[in-house]
There are 2 protein chains.
Amino acid sequence: MRLSQFHLRTEKETPADAEVTSHKLMLKAGMLRKLGAGLYTWSPLGLRVLRKVEGIVREEMNAAGAIELLMPAVQPRELWEETGRWEKFGGQLLKMQDRKESWYCFGPTHEEVITDFARSELASYKQLPVNFYQIQTKFRDEIRPRFGVMRAREFLMKDAYSFDIDEAGMAASYQTMHTAYTRIFTRLGLEFRSVQADSGAIGGDASQEFHVIADSGEDALVFSTGSEYAANVEAARAAAPAPRPAASEDLRKVDTPTQKTCEDVAALLDIPLARTAKSIALMAGETFVLALVRGDHAVNAIKLAKVDGLADYRMASEAEIAAHLGAAPGFLGPIGAVKPIRVVADLEVAALADFVVGANATGFHIAGVNWGRDLPEADVVADIRDVVAGDRAEDGGELKVARGIEVGHVFQLGRKYAEAMNFKVLDANGKASVPFMGCYGIGVSRIVAAAIEQNHDANGILWPVAMAPWQVAVCVINPKNEAHVAEAADALYRELGAAGFETVLDDRGLRPGMMFGDIELIGIPHRVVVSARGLESGAFEYRARSASESENLDREALFSRLRG
Amino acid sequence: MRLSQFHLRTEKETPADAEVTSHKLMLKAGMLRKLGAGLYTWSPLGLRVLRKVEGIVREEMNAAGAIELLMPAVQPRELWEETGRWEKFGGQLLKMQDRKESWYCFGPTHEEVITDFARSELASYKQLPVNFYQIQTKFRDEIRPRFGVMRAREFLMKDAYSFDIDEAGMAASYQTMHTAYTRIFTRLGLEFRSVQADSGAIGGDASQEFHVIADSGEDALVFSTGSEYAANVEAARAAAPAPRPAASEDLRKVDTPTQKTCEDVAALLDIPLARTAKSIALMAGETFVLALVRGDHAVNAIKLAKVDGLADYRMASEAEIAAHLGAAPGFLGPIGAVKPIRVVADLEVAALADFVVGANATGFHIAGVNWGRDLPEADVVADIRDVVAGDRAEDGGELKVARGIEVGHVFQLGRKYAEAMNFKVLDANGKASVPFMGCYGIGVSRIVAAAIEQNHDANGILWPVAMAPWQVAVCVINPKNEAHVAEAADALYRELGAAGFETVLDDRGLRPGMMFGDIELIGIPHRVVVSARGLESGAFEYRARSASESENLDREALFSRLRG
């Protein structure tokens, strides 16, 4: 491609309304143009990168035996009612009525449509296993669309759905996809990890996420030094605590006039923060629940919701707290409630002795608290906290925390959707049997942003070669006045193309500084400068995007360098 | 591709609810699966064909210098209000509200979005000419979606938009696209014509449609034997009629007790149908209009709406007719109205002498009518009829009529959208100037159906090679019991692939009749049968999809035949 024939429009200023690096750089490089909240036009430059990702995803899905099809974006309400998700999916589901006042949604995912397709097309175990996928435009009506295409409303997704006759088949299909995803992210040239995940709204039995590792990632990922164990903090588990020590202190009420946080109380009493317990007041239906985690820990909302009876919990109001504990937030605790309460203690809190809780009286805490002696054992003891760096892992290693951007998710769905939609096939014995499904998503457009979060410097983007809009940029100095330089550059451009390098010729005639700035900003991995002086000395000025210095290479050395 | 690893599901029965051949065959071949009214899933087989079309369109657009980008499907109301189309576009525009109750539409076309993009990205004539295109999913809420993907609601379209500094540039960009379209449809292997068209709701100055010629086409196309002239009947013109002859008959009222149609009246009076005039009663605002065309002609609604004052005409009600003409339909005419009326006569009616019209009295017509003598000259004389086969062309030739399916449309938009959206660039003199636009659409998914309408027989589809899901099918007889046959077929399959033929191996182990039926139905251009008997005699049984007989060819002859 000759840049003079392309549409490249970079910005000098960093856009004020972009919050994260990838969004800033995509706007500066002119990859995106905002149309509305969470709606972006992919410029010619941006689309080149998007298509690179799409191409690699497609090749690896095909290589893994998945079969591509294309489902509509617009989906009828009736299908979503079969699974109950028309209501349950919530505000992210963009609903609309056509001219006949029938309801549809702009599909945020396609479990219903593919299951409907499958129940029409698949009748026998002989047609299984099969894995259908598409690369298609989706819409999720995010409450707060942001970060450009990282959390856009309209986005490009690869979604695949496997069908197997039994659970073992589902596990095998799932593993095939896990392997394909590993190949995809490896080929894209990204540093990534697959981690155990919570299944969330999609549901099902087992799931793993694929994350691009980046300090700016929204998700905390937990790794063990003792094994390959890795999990999203939403799902990560630490080793069980040591057994509870014996009680050694007496129960005593302590003055904490202004100390409303565990940190303040621990400082005042000069005890470790880990010997305090935070009380979180919840309502689960009509039941008042006090969830307890150590002062140095944070409650994990997803784990909490998995406790029996807490699926639909909410925070308690101050009035509800006052009615049950007779106290105000900051001084709450499990001892001395004025009405019946349910106590849910984290594993680590249940293992404490001689600990500190609020006294249910403003200005006071209780120290030297011991389970069984000062209060009954908790109604529920469960893992309800986020693990933290330094926790011991179940494998004996130490847990480390890194940050990641979720770009893929694989699920074992089991029979959930097939059962809800009454989809059966005949098994080997001629009996109608509900198939086992898996579903597998990749955020194609999000990968572009995630790659930038991981690969950039002060001057712009550093594309992995496989994702770069072009691999090589040939920059011509002063092409309009020096015809022989322009001709030499054009010859090199054509030669590189013939040798299989995707090359862009910057023949726009910009001043070198502006030209180099653009080529760096848009992240072309290899830059070759053709100038009158260079031609005289028989050398091309070559610079890798990641290198700090240029080198002068003759033609042969240049090609050998580009071949890597 | 090995069919055993693919998902092919053909139907034996012709689906009852499909009205046209292409829809029937696409369902029978398992290319489509209906999700809802005008909503179709493209099965793996269907998608292969769709991608072939998409690929050729993309290659030729790129070769013509157009630059690909990707705009969102979801478009904000505000943009559509800038051009007034939020209201004017009508019921085809699918509108929706997001969670913040802001209005959006699912884009049926992208003039607004691209003009918004252009006004942000283009500031100078130096950036022109430029032509942006995308291949993208669109939605039009058709009143009556039908004929499968021929008139679906969600469909795949290639839309391109050119920007030029002046009218001559626009004309050149338009011609470039016309040439590219000609290359696209030629490469697709379709019989097609470009014809002059009406610009319709998109508006603008000049436009041409590309039609795939097929007897089942919805559109009538008009060609001249005298030149390259071709037009959609919506826009086609015939030569002006010969001058009006002198009057030779007296005016007389004739008894036509049950003769309500021109045909019946002409038969009763034993005069040529071409000497009768039909009266069509319209309302244009408060004005009652009588449109007159010859008894052997049909009114052209698009031409009629171009008559001054008739842009928003509607048919008159019986009450309005009675109030103005004092008569009932079947006996209407321009003579003797009881209230003022406006008479719009077709060119051919204005050229009649001694003709017959309704008498505005039930059971009567008036014969021997002559303009100027029996009634005033018409208020408007204009071309308001469909041309018919046999009409004299303006070039002196004869007009012929064929049927076509519109698959492409190119428009010169002029400054309409740029003006409405206040888009200007600096011209060579540094003055702000409104650019000239063109827009260019191709119905990518519709092409698939149109190709089938043009290319099929009693056994199924006959794909042009460029659109076929695979070029060659290798059919194995009895692969499960005869390993050496399966191996030979597999070897041939791999050899064909290596030689550059896109090949499918039918290794499903079906009985020959079923297997051949499928391969014919899905339209693979070349079939090669590998059987034990054939292997013994050193021959492959080859048959072109379009041929009635097979031939036995050795390996060399087979490859040479496939190379064409």
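Over all Cα pairs of chain A, how is the pair count split among 10 Å bins, expressed in % and running from 0 up to the last occupied bin? Pair shares across the bins are 3, 14, 20, 20, 18, 14, 7, 3, 1, 0. Rolling a 1.4 Å probe over the protein chains gives A:Phe540 an accessible area of about 30 Å².
On the basis of the beta-carbon distance and an R0 of 30 Å, A:Ala557 and A:Lys400 show a calculated FRET efficiency of 0.10.
If you take the beta carbon distance between A:Ile271 and B:Ser102 as r and set R0 to 45 Å, what does 1/(1 + (r/R0)^6) give as a FRET efficiency, to the nearest 0.05? FRET efficiency, A:Ile271 to B:Ser102: 0.25.
With contacts taken as Cα pairs under 8 Å at a separation of at least 6 residues, chain B carries a relative contact order of 17 percent.
When chain B is turned onto chain A, the axis of that turn runs closest to one Cβ of chain B, and that residue with its distance in whole Å is B:Met96, 2.
Across the stretch A:218-281, Cα pairs under 8 Å and at least six residues apart give a relative contact order of 16 percent. Surface listing: A:Thr10, B:Thr41 arranged by accessible area from highest to lowest gives A:Thr10, B:Thr41, probe 1.4 Å. Relative to the 2.2 N^0.38 Å rule of thumb, the stretch A:120-204 has a C-alpha radius of gyration ratio of 1.34. Short to long, the 5 Å bins of the Cα pair-distance histogram for the stretch A:229-277 hold 4, 14, 17, 18, 15, 14, 10, 7, 2 percent of all pairs.
Our coupling estimate for the stretch A:9-23, obtained by passing each phi through the Karplus curve with A = 6.51, B = -1.76, C = 1.60 and θ = phi - 60°, is 9, 8, 10, 6, 7, 7, x, 6, 8, 8, 9, 10, 4, 5, 5 Hz, Gly and Pro reported as x. A 1.4 Å probe run over the protein chains yields, for the stretch B:251-390, 42 Å² of accessible area per residue, whole-number rounding. Based on the Kirkwood approach, the hydrodynamic radius assigned to the stretch A:326-380 is 11.6 Å, with every pair of different Cα atoms included.
Share of pairwise Cα-Cα distances greater than 11 Å in the stretch A:364-410 is 81 percent (whole percent). The C-alpha radius of gyration of the stretch B:379-511, expressed as a fraction of 2.2 N^0.38 Å, stands at 1.94.
Backbone amide hydrogens, once placed in the peptide plane, bring A:Arg385 within less than 5 Å of A:Asn300, excluding anything fewer than 5 places away on its chain. Shape verdict for the stretch A:261-395, please, from the Cα gyration tensor: rounded (a/c under 1.5), prolate (a/b greater than b/c) or oblate. Oblate. The overall shape of the protein assembly as shown is prolate: from the C-alpha gyration tensor, with semi-axes ordered a ≥ b ≥ c, the ratio a/c is 1.5 or greater and a/b exceeds b/c. Every helix of 4 or more DSSP H residues in chain A counts as -39500 (n - 2.57), and over all residues that averages to -7500 deg cm²/dmol at 222 nm. Among the GluC sites (Glu not before Pro) in the stretch B:268-369, those placed in a DSSP loop whose Cβ has at most 11 other Cβ atoms within 10 Å are B:Glu286. When DSSP beta bridges are restricted to pairs lying wholly in chain B, around 80% turn out antiparallel. DSSP assigns beta bridges within the stretch B:289-424; of those with both partners inside it, close to 40 percent run antiparallel. Accessible area per residue (1.4 Å probe, heavy atoms of protein chains only) ranks A:Tyr125, A:Tyr133, A:Tyr229 as A:Tyr125, A:Tyr229, A:Tyr133, with the largest value leading. The calculated FRET efficiency for B:Val465 paired with A:Gln175, based on their beta-carbon distance and R0 = 51 Å, is about 0.85. Relative to the 2.2 N^0.38 Å rule of thumb, the stretch A:206-255 has a C-alpha radius of gyration ratio of 1.91. Size of the stretch A:89-169 from its Cα atoms: along the principal axes, largest to smallest, the extents are 44, 36, 20 Å.
Contact with the other protein chains removes 30 Å² or more of accessible area, compared with the isolated chain and a 1.4 Å probe, from these residues of the stretch B:44-75: B:Pro44, B:Leu47, B:Arg51, B:Ile67, B:Glu68, B:Leu69, B:Leu70, B:Pro72, B:Val74.
In plain terms, the chain from A:Gln5 to A:Ala319 could stretch by 106.3 nm, reckoned as 0.36 nm per residue minus the Cα-Cα distance. Annotation for B:Glu191, label-to-label distances across the other copies: 6.3 nm (shortest first, one decimal, point 7 Å from Cα along Cα→Cβ). For B:Lys52, the solvent-accessible surface computed with a 1.4 Å probe is close to 40 Å², ligands and nucleic acids excluded.
A DSSP coil position with no more than 15 other Cβ atoms inside 10 Å describes the following GluC sites (Glu not before Pro) in the stretch B:233-265: B:Glu249.
The residues of the stretch B:489-564 present an accessible area of 48 Å² per residue when probed at 1.4 Å with all protein chains retained. Solvent-accessible surface, computed for protein heavy atoms with a probe of 1.4 Å, shrinks by 30 Å² or more for the following residues of the stretch B:9-35 when the other protein chains are added to the isolated chain: B:Arg9, B:Arg33, B:Leu35.
Carbon-plus-sulfur accessible fraction, the protein assembly as shown (probe radius 1.4 Å, protein heavy atoms only): 49%. Taking all protein chains into account, the per residue accessible area for the stretch B:96-236 stands at 35 Å² (1.4 Å probe).
Near A:Ala473, the amide H atoms lying under 5 Å from its own belong to A:Val504, A:His526, A:Arg527, A:Val528; only residues 5 or more places off or on other chains count, and H is placed 1.01 Å from N. DSSP finds beta bridges in the protein assembly as shown, and of those with both partners inside it, around 80 percent are antiparallel.
Ordered by residue, what ³J(HN,Hα) values in Hz, to whole numbers, does the stretch A:288-299 give under the Karplus form 6.51 cos²θ - 1.76 cosθ + 1.60, where θ = phi - 60° and Gly and Pro are x? My calculation for the stretch A:288-299 gives 8, 10, 10, 9, 10, 10, 4, x, 8, 10, 10, 5 Hz in order. For the chain pair B and A, the buried solvent-accessible surface (1.4 Å probe, both sides summed) amounts to about 4600 Å². Here's how it looks for A:Asp198: its modeled amide H is under 5 Å from those of A:Ala235, which are all 5 or more places away or on a different chain. Our coupling estimate for the stretch B:340-356, obtained by passing each phi through the Karplus curve with A = 6.51, B = -1.76, C = 1.60 and θ = phi - 60°, is x, 10, 10, 9, 10, 9, 5, 3, 6, 6, 5, 8, 7, 10, 6, 9, 10 Hz, Gly and Pro reported as x. Does the stretch B:1-80 come out rounded, prolate or oblate, given a ≥ b ≥ c as the square roots of the eigenvalues of its C-alpha gyration tensor, rounded meaning a/c under 1.5 and, failing that, prolate meaning a/b above b/c? The shape class here is oblate. Per residue of peptide B:116-122, the mean number of Cβ atoms on other chains within 10 Å of the residue Cβ is 3. Pairwise Cα distances in the stretch B:470-558 exceed 19 Å in 31 percent of cases.
With a 10 Å cut-off around each Cβ of B:96-103, the average count of Cβ atoms from other chains is 5.
The values are calculated or read from the model by the stated rules, or taken from the named source; none is laboratory data. Note that this is a predicted model, so its numbers are computed, not measured. Neighbour counts run over all protein chains shown; Cβ positions are idealised from the backbone, glycine included. Ligands, DNA and RNA are excluded from the accessible area calculation, which covers all protein heavy atoms including side chains. Shrake-Rupley method; radii C 1.70, N 1.55, O 1.52, S 1.80 Å.
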